[in-house]
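Remarks on the structure that follows.
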């Protein structure tokens, strides 16, 4: 997986313009009215890749295996970050995934590490003969478990 994010900025009409970002860790905290694209180093590309996306369709724009997060920026620059959990094993781009709400920068770092570690452990098990379909089921179950903690979880794809 790459350290990239999809950043969605709310427009006055309530839809969103989506931008590519080069990294994810702490990105939401860097996006403010004074630094709308992250300030020094400009981690967010100022040119949108997609315009006018309804909020309910944002999760469908995430490319699992390419994007590690979706950062939703409201009109007042409040942000919500969702960490991507790809379901595809061993190919992260297959089988959709889940977007798991982060509860702040440190929680986001934890979730990113958890996703990488859990996927790595499952990939190792598959290499040793573990059924990859069971691995995908396990990833889905973990996403549901995180939802039971009160997090917003969006399941995307198959």
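Among all residues of region 123-140, there is none that is within 13 Å of the chain's Cα centre (by Cα) and within 26 Å of residue 21 (Cα to Cα).
Hey, does region 41-64 have a residue that's at pLDDT below 90, in contact with a strand residue (DSSP E or B) (Cβ under 8 Å, 6 or more places away or on another chain) and closer than 27 Å to residue 124 by Cα? The answer is no; no qualifying residue exists.
Sort out which residues of region 103-122 are touching a residue at least 24 places away in the same chain (Cβ under 8 Å) and within 24 Å of residue 34 (Cβ to Cβ), and write them in order of number. Selection gives 105, 108.
Scoring residue 108 on the criteria (1) closer than 18 Å to residue 58 by Cβ; (2) not in a helix (DSSP H, G or I) leaves a single failure, condition (2).
If you check 117, 52, 88, 39 for being more than 15 Å from the chain's Cα centre (by Cα) and in a loop (DSSP other than H, G, I, E, B), only one passes: 39. When residue 23 is tested against (1) exposed (fewer than 15 other Cβ atoms within 10 Å of the Cβ); (2) free of Cβ contacts under 8 Å to residues at least 40 places away in the same chain; (3) in a loop (DSSP other than H, G, I, E, B), just one condition goes unmet, and that condition is (1).
The values are calculated or read from the model by the stated rules, or taken from the named source; none is laboratory data. This structure is a prediction, so every number in the text was calculated from the model and none was measured. When we count neighbours, we look across all protein chains shown, and the Cβ atoms used for this are built from the backbone with ideal geometry, even at glycine.
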